[in-house]
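Asks: Take this structure first; my questions come after.
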Amino acid sequence: MPIRLLALDLDGTIIDARMQASPRVRWALRRAREAGVHVTLATGRFFDSTRVFANELGIHGPLICFQGALVQDSGTEEVHLRRGVPLRLAHELINFVHDRGWDACVYIDDRLYVEKATPNLRFYAEYSPIKEQMNAVGDLGAFLSCDPLKIVVVVEAEQALSVSSMLRERFEGRLQIVRSFHRFVEATNLTASKGQALSFLAQMRGVTQMETMAIGDNDNDADMIAWAGLGIAMGNASDAVKAAASHVVPSIEEDGAALAIERFILEQYDG
């Protein structure tokens, strides 16, 4: 079936280390939009940051942000879906992290809150086309009084795998725990993931599962790749993403995402 909805991860998929998309990716996305394909971004980034990339790429409409905890329209800013971390679980996770001396931050909508601005958290806040304003509150547990959209634990790269494993074991069946970057481990509502958000968006757009295509590279993309009718893993993808994918394309350095769009979308519409 022709692809009618395309979901794209950002970092490591279409955005490189310089925070840029290649000319070939931009061309392929423009041609897909001209063919009438709904294009969305699916990322762990917050809404305003995601919208910067969307505007640069000419993508309009609902965007999947915060690992799927938020689906919000880039133009009207209408919120179609919002699933925060239950407050009780947020407090439990923050206490667990605090007891181990790890750095954590929380999002309440697009505002970022920290206990204090540590080097790890400064690195996280600057990893964006929009440098995020950290709001230091002293005690996250005491401060938090509503369901946050996402909690992020920031550690050194060599710690991230063990930290994510510990958090998955502790919160299994209660929270989504994913490693989104080599130093970031993120927690969201159990019903908030890129795959679940893509399913929601497809239904909203009147698109069947078999008419969807998703491209990604990191563990947080795996359930989206598995759910899509056509799931594409980048050559630089994690083992979990490659295992979930229908096809593996070259790495971001070789414009793998553009190749996938050209092969599986543009060839259909161009004949």
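Every number here is computed from the coordinates shown, using simple stated rules; none is lab data. Treat the numbers as computed from the prediction; the structure is a model and nothing was measured. When we count neighbours, we look across all protein chains shown, and the Cβ atoms used for this are built from the backbone with ideal geometry, even at glycine.
Asks: Among Gly231, Gly36, Gly12, which one moves the most in a GNM of the chain with springs linking Cα atoms closer than 10 Å?
Replies: The residue with the greatest mean-square fluctuation here is Gly36.
Asks: Normalised by the number of residues in the stretch 73-127, what is the relative contact order in percent for Cα pairs under 8 Å and 6+ residues apart?
Replies: Here the relative contact order equals 18 percent.
Asks: Another question about this same structure. Relative contact order (percent) for the stretch 87-189, with alpha-carbon contacts under 8 angstrom and 6 or more residues of separation?
Replies: Relative contact order of the stretch 87-189: 27 percent.
Asks: With everything on Cα atoms, drop me the angle between helix 87-99 and the longest principal axis of the chain, reported from 0 to 90° to the nearest 10.
Replies: 70
Asks: Please determine, in degrees from 0 to 90 and to the nearest 10, the orientation of helix 47-57 with respect to the longest principal axis defined by the Cα atoms of the chain, where the helix direction is its Cα long axis.
Replies: 20
Asks: Continuing with the same structure: For the stretch 204-271, calculate the relative contact order in percent as a whole number, restricting contacts to Cα pairs under 8 Å that are 6 or more residues apart.
Replies: It rounds to 24 percent for the stretch 204-271.
Asks: Which percent of Cα pairs goes in each bin when the distances of the stretch 154-195 are cut into 5 angstrom slices starting at zero?
Replies: Going out from 0 Å in 5 Å bins, the stretch 154-195 shows 6, 26, 32, 21, 13, 3 percent.
Asks: Under 15 Å from the Cα of Lys242, which aspartates and glutamates turn up, not counting those fewer than eight places away in the same chain?
Replies: Lys242 reaches Asp9, Asp217, Asp219, Asp221, Asp223.
Asks: So which GluC sites (Glu not before Pro) in the stretch 148-181 end up in coil per DSSP with only 13 or fewer other C-beta atoms within 10 Å?
Replies: Here the GluC sites (Glu not before Pro) that fit, given the DSSP loop and packing criteria, are Glu156, Glu172.
Asks: Of the peptides 186-197, 21-32, 62-73, how do they stack up when ordered by the mean number of other Cβ atoms within 10 Å, highest first?
Replies: 62-73, 186-197, 21-32
Asks: If you wrap the stretch 87-189's Cα atoms in a convex hull and average its projection over all directions, what's the area in nm²?
Replies: Seen from a random direction, the Cα hull of the stretch 87-189 projects 5.9 nm² on average.
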